[in-house]
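Note sheet for the following structure.
The values are calculated or read from the model by the stated rules, or taken from the named source; none is laboratory data. Fair warning: this is a prediction, and the values are worked out from it, not measured in the lab. Because the Cβ atoms are built from the backbone with ideal geometry, glycine has one as well, and the counts that use them run over all protein chains shown. Only protein heavy atoms, including side chains, enter the accessible area calculation; ligands, DNA and RNA are left aside. Shrake-Rupley method; radii C 1.70, N 1.55, O 1.52, S 1.80 Å.
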Amino acid sequence: MTVPLVAKAQVRILSEGVIEPATPCEPLPADLVPSRGFTDAAVRAGLPAPGGFGLHDLRACARKTRD
């Protein structure tokens, strides 16, 4: 699929039960602190339109683009 339902790395992390950070970490430097809020609206703006998966999501059926 061109848009996987889940990534292999996500499955591995879930299977290992890694849900808590190993150790506390230092705060980020000021130049690396996110400038945009992680809000529901911001996340939804980056998602594709709602709907089920179809043939266009399969690699074999996807249009190939050339750069």
With respect to the numbered conditions (1) open to solvent by 80 Å² or more (accessible area, probe 1.4 Å); (2) in a loop (DSSP other than H, G, I, E, B), which one is the sole condition not fulfilled by Asp31? (2)
Within the set of pairs 6+ apart or on separate chains, which have a first residue in segment 42-59 that is part of a helix (DSSP H, G or I), a second that is of a type outside the set (Ser, Thr, Tyr), and C-beta atoms under 6 Å apart? Leu55/Cys61; Asp57/Met1; Asp57/Val3
